[in-house]
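**Student:** Take a look at the following structure, please.
Please treat every number below as a calculation from the coordinates, not as lab data. As the structure is a computational prediction, the values presented were derived from the model and not from experiment. All Cβ positions, glycine included, derive from the backbone under ideal geometry; neighbour counts span all protein chains shown.
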Amino acid sequence: MTRDKIISCLEKYAAGTLTPEEEQAFHAWLETASPDEFHAMLDEAGVPEGLKACPVPTAASVASFRQRLKYEEQSPSTRIRPIWRKIAAAAAVLLLMAGSWFIYQQTQQQNRPAITQVTKPVPGGNKATLTLGDGSVISLDDANAGDLSQQGNTKIVKLNGGRIQYNPEEDGGAPVFNTIATPNGGQYQVQLPDGTVVWMNAASSLRFPSAFTGNERLVELTGEGYFEVTANAAKPFRVKVSDAVVEVLGTKFNVNAYAEEPQARTALLEGAVRVTRGAQAIQLRPGQEARFTDGGMLEVKAADLEQALAWKNGYFQFEGTTLPVLLRQIGRWYDVEVEWKGDISEREFAGRIARNVSLQAMVDALRSSGVNCRIQGRKLEVLP
């Protein structure tokens, strides 16, 4: 392979866009390249110095790395370009160092005995509790698939793959209110009695009735949730978020309303929603988001839909993200306490990392971007 072709493959590899033929040729070069040759190519591609400590990856480690980061096939119009082509090198490391860490781990751990550390923070997964109308609590991550409970005339079923489903009978009877809640390090899906599906992010809760009666479908959300609402023009679907209400007929949208975040946001993918807060009301079109703060005005902005839905699709995406916001996302997903010591930089970060990477990989990425941090038990300390 020529030098230009190798550099092109490095860039496409980072973006997950190698063709099968290019990937085969790239793997063949990796098997024969010396460390000096490999690092020289990284230099020419503009990859930061932090990668120099990594050995040359093998074809096997490349395949493992690609699978663990779960790169998705994307159309040219939505493809993420190699990060070092569009932002500063410090931000580029955030994306690339996670990959280099896994390459390093894959090549180094083959001859190491397995070590189990029960208390070590791990990425989140399907974890939630369901509180029924009588106050009883079901741990959904422990429950077997099948029938869970009966609420009025509605049967609650746990499906395979991390979702519960509410199946009402024709005569729904008097509804009772249930609450599904995810902890730090948890996520879950629920299919409501009307067929609406809600994806819930970590540290979130949704309160809803076992059957929708009357002339509206009202639920209450804290934290973050993505909704795909079943259309019913005669019975609007409303999401109560703090002192605001998001009203829809049938649509797809994301609501981010964590109490610790400076802004609550509703991003619209399809359909139309109306966001009401006190005397204010605004209508959103697809590709827009509504933002509001405590005591602040509602405002409409263009939405970064890929970033808004990154959590649902299995990855972190940082695009102009400040360090405090980034660290709060990490804390919620890995269920660790984040402790700041001294001033926190207001620098912005960009990049994309799968949510299944280890906390250590994330910490190494932060360090390579100039963030002095360390793991202490279940605490992530950020130092001056």
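**Student:** What shape does the range 160-229 take by its C-alpha gyration tensor, where a ≥ b ≥ c are the square roots of the eigenvalues and a/c under 1.5 counts as rounded, a/b above b/c as prolate, and the rest as oblate?
**Tutor:** prolate
**Student:** Something else: Taking a 23 Å limit on the Cα-Cα distance, which of the listed pairs LYS127/LYS155; LYS240/LYS301; LYS127/LYS379; LYS155/LYS240; LYS158/LYS312; LYS127/LYS301 fall beyond it? Can you show the working numbers first?
**Tutor:** Numbers: LYS127/LYS155 21 Å; LYS240/LYS301 21 Å; LYS127/LYS379 21 Å; LYS155/LYS240 25 Å; LYS158/LYS312 20 Å; LYS127/LYS301 33 Å.
In this structure, LYS155/LYS240; LYS127/LYS301 exceed 23 Å between Cα atoms.
**Student:** Another question, then. How would you rank ASP194, ASP142, going from fewest to most other Cβ atoms within 10 Å of each one's own Cβ?
**Tutor:** ASP142, ASP194
**Student:** Using a Förster distance of 45 Å, how high is the FRET efficiency between THR2 and GLU306, based on the Cβ-Cβ distance and rounded to 0.05?
**Tutor:** 0.85
**Student:** While we're here: Treat the count of other C-beta atoms within 10 Å as a stand-in for reagent exposure and order VAL190, VAL157 from fewest to most.
**Tutor:** Placing the least packed residue first, the sequence is VAL157, VAL190.
**Student:** Taking the number of other C-beta atoms within 10 Å as the exposure measure, put VAL219, VAL382, VAL176 in order starting with the fewest.
**Tutor:** Fewest-to-most Cβ neighbours within 10 Å comes out as VAL176, VAL382, VAL219.
**Student:** Once the principal axes of the Cα atoms of the range 125-307 are found, what is the range along each, listed largest first in whole angstroms?
**Tutor:** For the range 125-307, the Cα spread along each principal axis is 43, 37, 27 Å.
**Student:** I would also like to ask the following. If you plug each phi of the range 130-138 into the Karplus form 6.51 cos²θ - 1.76 cosθ + 1.60 with θ = phi - 60°, what whole-Hz ³J(HN,Hα) values come out, in order, with x for Gly and Pro?
**Tutor:** Working through the residues one at a time gives 10, 9, 7, x, 8, x, 6, 10, 10 Hz.
**Student:** Follow-up question, since we're still on this one. Counting alpha carbon pairs within less than 8 Å and at least 6 residues apart, what relative contact order, in whole percent, applies to the range 313-382?
**Tutor:** Computed value for the range 313-382: 40 percent relative contact order.
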